[in-house]
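K.L.:
What follows is a single structure, and I will ask about it in a moment.
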Amino acid sequence: RSITLMLVGGVSQLSRAPSRPRDEALMSLAGPAVSLALAAIFFILKPLVRTPDATVAMFYLGAMNLMLGVFNLLPAFPMDGGRVLRAALTPRLGRPRATQVAAAVGKACAIAFGILAILSASFLLGIIALFVYFGASGELAAQETHDLLAGRRIADLLPANRPPPVIAVSSVLGEALRRMRDLDRLELVVVDGAGAPLGVLAAT
């Protein structure tokens, strides 16, 4: 749906997660592949340019894209390399377990980034370490929530010992007030004769 650009990279907002591990791997490899292709183009152009400034520019642009492509391929979930790792593990372990393993590897990479950030006094590397660590935690929590709710129905979440907060559209107002009091609810779902919901009656 959208791409949010930040200091340490971009985050894609997907309308839905890829259904096949192969699709997730291909999507994750697209970004690093572009970076490595740009690096190759700049390095090829470097000996062809005529001015020293252009030569330096081609070198630095090539080096930056090469570093970016290689860095994003590190198995630091939820970075691209980490998503490729999850996609590779999913056929054998299943997506829930593969996500757990990829998140654990991502957190380990984040801790390593943090140690390097402290030793090298690199503020940017420290930000990346935090981004990777909390990103891995967030992805793991999202997967666990998905697994918990997958296949569950609304009826499964209703208390077994309490009647549903519904009332027929033909009921009188006094009956609605009594039902709100009995159910200790301020809202009732109004249904027709067939049980189809028509709206919500709220006591304000």
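K.L.:
Scan region 89-97 and tell me whether some residue there is within 17 Å of ASP23 (Cα to Cα), of a type in the set (S, T, N, Q) and open to solvent by less than 20 Å² (accessible area, probe 1.4 Å).
P.N.:
No, region 89-97 has no match at all.
K.L.:
Follow-up. Does region 121-133 include one or more residues that are out of contact with any Gly (no Cβ under 9 Å at 6 or more places or on another chain), modelled with pLDDT of 90 or more and assigned to a helix (DSSP H, G or I)?
P.N.:
Yes, some residue in region 121-133 is out of contact with any Gly (no Cβ under 9 Å at 6 or more places or on another chain), modelled with pLDDT of 90 or more and assigned to a helix (DSSP H, G or I).
K.L.:
So which residues in region 143-164 are part of a helix (DSSP H, G or I) and either loosely packed, with under 13 Cβ neighbours inside 10 Å or on the phi > 0 side of the Ramachandran plot (or both)?
P.N.:
Passing the criteria: THR145, LEU148, LEU149, ILE154, ALA155, ASP156, LEU157.
K.L.:
For region 77-97: of the residues being closer than 23 Å to GLY31 by Cβ and without any contact (Cβ under 8 Å) to a residue 24 or more places away in the chain, which is nearest to the chain's Cα centre (by Cα)?
P.N.:
LEU85
K.L.:
On the basis of being in a helix (DSSP H, G or I), within 30 Å of ALA196 (Cα to Cα) and without any contact (Cβ under 8 Å) to a residue 60 or more places away in the chain, does GLU175 make the cut?
P.N.:
Considered against the rule, which asks whether it is in a helix (DSSP H, G or I), within 30 Å of ALA196 (Cα to Cα) and without any contact (Cβ under 8 Å) to a residue 60 or more places away in the chain, GLU175 comes out as yes.
K.L.:
Determine the pairs where a residue that is among the polar types (S, T, N, Q), located within region 13-24, has a partner that is part of a loop (DSSP other than H, G, I, E, B) and open to solvent by 100 Å² or more (accessible area, probe 1.4 Å) with Cβ atoms under 9 Å apart, the partner being 6 or more residues away or on another chain.
P.N.:
These pairs meet every condition: GLN13/ARG1; SER15/ARG1.
K.L.:
Just name the residue that is surrounded by the most Cβ atoms within 10 Å (Cβ to Cβ) out of those in region 28-46 that are closer than 30 Å to PRO96 by Cβ and without any contact (Cβ under 8 Å) to a residue 40 or more places away in the chain.
P.N.:
Result: ALA33.
K.L.:
If you don't mind, there's one more thing I want to ask. I'd like the residue in region 47-75 that is buried (at least 17 other Cβ atoms within 10 Å of the Cβ) and more than 26 Å from the chain's Cα centre (by Cα) and, out of all such residues, is farthest from LEU85 (Cα to Cα).
P.N.:
Here the answer is MET58.
K.L.:
Filter region 1-12 down to the residues that are open to solvent by less than 60 Å² (accessible area, probe 1.4 Å) and free of Cβ contacts under 8 Å to residues at least 24 places away in the same chain and list them by number.
P.N.:
Those that are open to solvent by less than 60 Å² (accessible area, probe 1.4 Å) and free of Cβ contacts under 8 Å to residues at least 24 places away in the same chain: SER2, GLY10, VAL11.
The values are calculated or read from the model by the stated rules, or taken from the named source; none is laboratory data. Note that the structure is a prediction, hence the values are computed from the model and not measured. Quick reminder, even Gly has a Cβ in these numbers, built from the backbone with ideal geometry, and neighbours come from all protein chains shown. Ligands, DNA and RNA are excluded from the accessible area calculation, which covers all protein heavy atoms including side chains. Shrake-Rupley method; radii C 1.70, N 1.55, O 1.52, S 1.80 Å.
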